[in-house]
Amino acid sequence: MAETALNNNVLSITGRNREECMDNLYKKYGTNFQVISCKHALTPGFLGFFQREKIVLRYQITNSSLEQGLAKKPSSPFPGYVASLPEPTSAPNLSGYSSSATSFIKQRDEILQRQNPSVTNNLQIGQLTKQFDLLKSQMQEKLDEIAHAVSEEKDHPSIIKMQEILEENEFTKSYIKKICTRMKNEFSLEKLDDFDYVQTCVADWIGESIPIAREEKKSAPHVIIIVGPTGVGKTTTVAKMSSRISIDYKKNREKYKYPPRIRMITTDTMRVAAIEQLKRWAEIINVEVDKAETSEDLKTLCDSYVSNSDYIFIDTSGYSPNDYENIAKMRTILNVKNLNENVYLAITAGVSSKDLENIIRNYEAFDFKSVIVTKCDETTAFGRVISVLAEKSKPVSWITTGQDVLNTIQRAEPKWFLKNLAGFKIDEEHIEKKFGNADKELGKF
């Protein structure tokens, strides 16, 4: 029960109900008071919850003598009091009532409550709803803060260090992201603390991701076509492949019933002296070279070689991967029925990931089965090639590592790429055991 002086003439008293307020006023003033108004209000509660309804009576003292207000209480608890509020004999002083503490909204709510008791419940529900909305907003802010903190949380030092090594080797962003995600998902904190273990596992993952082409067994003659952009070393690669067969024959004659018969054909009509360059290489291994400018020329030459050749190498013109017209013309020249060919796409090890994707896309019309990575001696970053070939599922069959025609081509194998990654501490015994040796048998294509 609380009593407050609003001004010199008007007082207020608060209680749980009207009867409680009237009883306390009677005990204090007897009948020397007059009720001006009665309104419902809500206690503040805790954080806006558990609010309770209270009654606020505004009244005036009709006799200034407080002693008279202490008169003996009559038998009737509320003499002269009726259900409806009595009209004041004179207009009360409401100057304080119109202050900011009793705003228009509060007066509106008071009127609504007097007219309809259910309004009180509606107001309570509205206030609770408002409180829940506020709490919901505050909770969402906290959740957003937590999510932001998690996203900003630093990765384990081993993950950061491995990411830096992968970036140094110029793996693509998408490839690095997959590796880092896998580390987070598969490694415990204890394992992440062992960086040697992390390196070994990541090296295994990289090796497993490198698609390696295996030997295609086809009946003789083996027709081998090398396509690719200008400047990737197609002509030199043809010479290297041919030389490899000749060298193997000289070292391992017991494997051969007769010397391998090799033929070379060039369809390169764009580059000056292309056939002369191929002939110079061919003279070293005693191989003949012919030229085909049309599809009919190529078919005639291949038909004539079928019965007396073991290998037919076809060198092609190099074009920009964006030169769609000439690429289409070259595809027409190579369109010979029953050729039974193996088509290889030659690319350089230093090609950018974006350019490599473009080359693969524009040379897919040749239906190449695998890739030859040339000029591996001219770069130290193999991440680009590994990333794109893995993502495009294009197997690599051969790599070349220098200008020496006789000794700079070898079968592609994961461990070669792993050993040539920068910044990795490679366990050679482990990768030898895991990946084994690629098919090194010379003369197989």
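Computed quantities for the displayed model
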quantity	calculated
Rounded Å value of the spacing that divides the Cα centres of segment 220-258 and segment 333-379	17
Within-12-Å neighbourhood charge of N17 [Cβ basis; K, R +1; D, E -1]	0
Protection proxy ranking of 178-191, 367-380 - average other beta-carbon atoms within 10 Å, highest first	367-380, 178-191
Chain lengthening between S219 and E288 when straightened (0.36 nm per residue, less Cα-Cα)	22.7 nm
For A381, distant residues with modelled amide H under 5 Å away	none
Packing-based ranking, highest mean first, of 239-249, 319-329, 348-358 given that Cβ atoms within 10 Å are counted	239-249, 348-358, 319-329
Entries in K250/K419; K178/K240; K257/K415; K173/K425 that, when Cα-Cα distance is taken, lie over 26 Å	K250/K419; K178/K240; K257/K415
For segment 157-207, convex hull volume per residue from C-alpha positions, Å³	65
Projected label distance in nm at K251 and Q140, using a 7 Å step from Cα toward the beta-carbon	7.2
Segments 15-24, 222-231, 165-174 sorted - mean Cβ within 10 Å per residue, highest first	222-231, 165-174, 15-24
Difference of contour (0.36 nm per residue) and Cα-Cα distance, R331 to K173	53.5 nm
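Values in this text are rule-based calculations from the coordinates and carry no lab data. Note that the structure is a prediction, hence the values are computed from the model and not measured. Virtual Cβ from ideal backbone geometry, glycine too; neighbours counted across all protein chains shown.
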